[in-house]
Amino acid sequence: MKIKEALQAHEEDIIKGIQRLVRIKSVREAPLPGAPFGKGCADALMEAMEMGRELGLRVKNVDNYAGHIEIGSGDEIVGVLNHLDVVAEGTGWDSDIPPYEAVYKDDCIFGRGTYDNKGPAVVSLYCLKVIDDLGIPLKRRVRLILGTDEETDWEDMAYYFEREPIPNLGFSPDMAYPICNWEKGMLTLRVDANKFEPGAIVSVNGGIARNSTPDSCVAVVDLSRVEDSDGLLARIDSLGGAVKSRDGDIITIFRAGKASHGSAPENGDNAVAHMLEILEPLYLGKDDSRSRFLSFARQKVGYETDGLSLGVKMEDEPSGKLTVNMGLFRLDDKGAYLTLDMRFPVTKSREDLTCAIHPLVKSCGLEVSQATYKAPLYVPPDSPLIAALSRAYERITGVKPGLFGMGGGTYARVLKNNGVAFGPGGYPGEPLIPPEKLRKGSTHSFNEFCVIPDFMKHARLCAEAIIELANC
Ligand SMILES: [Zn+2]
């Protein structure tokens with residue numbers, strides 16, 4: 001039997017497998033004994049391990065952080081990396097497709113994680129099963145590595161790779177075809193100030209996540225401490241803000257912005273930057289700790305998304321410009337902090353950023369610390385890995401694959417420049433189901449779904465890629 005037919009014979013199993021995993025809500029929660037990211041994440045991993053066992057494959061669960069399912073022999077390892085955790089379901093789902101019921105209809109499965117990334121994980125699993133059953137020769141072992149903290153902090157990968165070898169080469173089906181051969185470096189810094197005396201600005205709050213652009217900002221101001229309160233009220237008006245409420249001398253100011261993903265802040269409109277401009281007369285040129293913090297935020301970041309005033313404006317040929325997103329901003333009478341989510345070019349290093357920013361922050365009398373860091377990924381176009389994936393892609397699709405890159409990140413990064421993101425979206429050619437027949441919805445949003453005929457095409461490519469990498 002050929003690979004295509006063998007995979008097709010498992011279509012029903014793939015659908016059922018996706019449903020089994022999607023019905024376990026695996027959003028990261030507080031740790032429990034034996035469940036480092038909460039019960040749901042641990043349950044999803046145990047279920048996937050059980051599925052591997054049922055198929056007669058070797059499985060290993062590394063303390064419910066991550067696990068692997070393996071076929072073949074040999075010292076070297078090909079890694080296929082998927083994740084079983086999901087982002088929260090949010091709102092807006094159609095009532096006939098609840099997020100954790102994994103309803104199968106119209107050739108689609110609907111639910112949180114169907115596409116990102118439980119569906120592709122199940123496809124990877126059946127690729128291993130089919131390759132093993134057909135006895136296809138492999139020079140390297142093949143490991144499907146399943147993590148449970150991809151959407152948050154990647155603590156799963158840190159723990160797993162302290163105990164298990166990093167694969168010699170591999171890919172992560174968690175993006176789109178053709179081949180994603182670079183991912184910018186990601187460094188998030190947190191800037192802190194503390195110990196404030198009472199002042200005119202009582203509080204400022206903007207943003208809900210480090211990796212998105214704040215679409216609103218709220219500030220509370222004590223007008224009895226403002227020299228020119230009429231001037232301030234006029235300024236709020238002329239700069240697009242609004243006084244939402246007033247209680248004696250205490251006013252609450254609102255300013256809207258536009259949200260955007262943290263990897264593309266230039267597409268958003270940072271509400272905090274607008275608020276900093278509105279409030280400028282209350283802090284600029286003053287030397288207390290609160291004013292120094294606000295001045296830093298306004299003058300060194302403000303509306304800029306290219307890092308110019310932070311001294312980190314940079315770009316390179318493969319991957320383009322550095323971006324900065326001021327995602328979280330909190331200030332009250334106890335202190336303040338803000339976060340800077342920076343995506344930097346692949347030929348640059350974390351030190352290129354910290355060497356510029358740390359002295360600058362310290363010179364303003366503020367503290368700086370690292371919140372998150374992921375090294376950049378770059379696999380040159382002429383590498384054997386790209387050549388092997390290209391052969392697989394061309395054999396199945398008849399088309400030469402292009403290369404692309406992004407500011408976001410996949411598990412491919414953990415392979416230390418020996419892995420890339422490859423699939424499952426963006427398969428070339430006409431979609432089997434025309435887009436207008438699909439429901440409105442998407443990954444990380446409402447009505448997430450996967451299209452089973454598309455996944456069966458992806459399965460062929462995924463299997464071919466595994467065989468190429470195991471023998472190249
Ligand atoms: Zn994902």
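Residues are listed down the side, and each one gets a yes or a no for (1) touching a residue at least 60 places away in the same chain (Cβ under 8 Å); (2) within 15 Å of the ligand (Cβ to nearest atom); (3) among the β-branched types (Val, Ile, Thr):
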site	(1), (2), (3)
LYS400	no, no, no
GLY405	yes, no, no
GLY408	yes, yes, no
PRO428	yes, no, no
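Of all residues in the range 443-458, those that are away from the ligand (no atom under 15 Å from the Cβ) and part of a loop (DSSP other than H, G, I, E, B) total 2.
Of the residues making up the range 359-370, just one is within 15 Å of ASP341 (Cα to Cα) and buried (at least 16 other Cβ atoms within 10 Å of the Cβ), namely VAL368.
In the range 213-231, what residues are of a type outside the set (A, V, I, L, M) and not in a strand (DSSP E or B)?
Of everything in the range 213-231, those that are of a type outside the set (A, V, I, L, M) and not in a strand (DSSP E or B) turn out to be THR213, PRO214, ASP215, SER224, ARG225, GLU227, ASP228, SER229, ASP230, GLY231.
In the set TYR337, TYR303, only one residue is surrounded by fewer than 16 Cβ atoms within 10 Å (Cβ to Cβ) and under 20 Å from ALA209 (Cα atoms); that residue is TYR303. Residues that are closer than 26 Å to LYS457 by Cα and either crowded, with 18+ Cβ neighbours inside 10 Å or among the acidic types (Asp, Glu) (or both) do not occur anywhere in the range 184-199. Pairing each residue of the range 151-164 that is touching a residue at least 40 places away in the same chain (Cβ under 8 Å) with any residue that is more than 16 Å from the ligand (Cβ to nearest atom), provided the two are 6+ apart or on different chains, yields C-beta distances under 6 Å for ASP156/TYR65; TYR159/TYR65; TYR160/VAL62; TYR160/TYR65; ARG163/VAL62. Look at the range 306-338 and say how many of its residues are within 19 Å of GLY365 (Cβ to Cβ) and either free of Cβ contacts under 8 Å to residues at least 12 places away in the same chain or among the aromatic types (Phe, Trp, Tyr) (or both). Going through the range 306-338 one residue at a time, the tally reaches 3.
Of ARG210, ARG235, ARG255, ARG190, all but one fail to be assigned to a loop (DSSP other than H, G, I, E, B), basic (Lys, Arg) and in contact (Cβ under 8 Å) with a residue 12 or more places away in the chain; the exception is ARG210.
The strands (runs of 3 or more DSSP E) located wholly in the range 269-380 that include 3 or more residues which are within 21 Å of GLY257 (Cα to Cα) occupy 323-332, 335-344.
FYI, it's all coordinate maths here, none of it is from the lab. Computed from a prediction, not measured in an experiment: that's the story for all the values here. We place every Cβ from the backbone using ideal geometry, glycine too, and count neighbours over all the protein chains shown.
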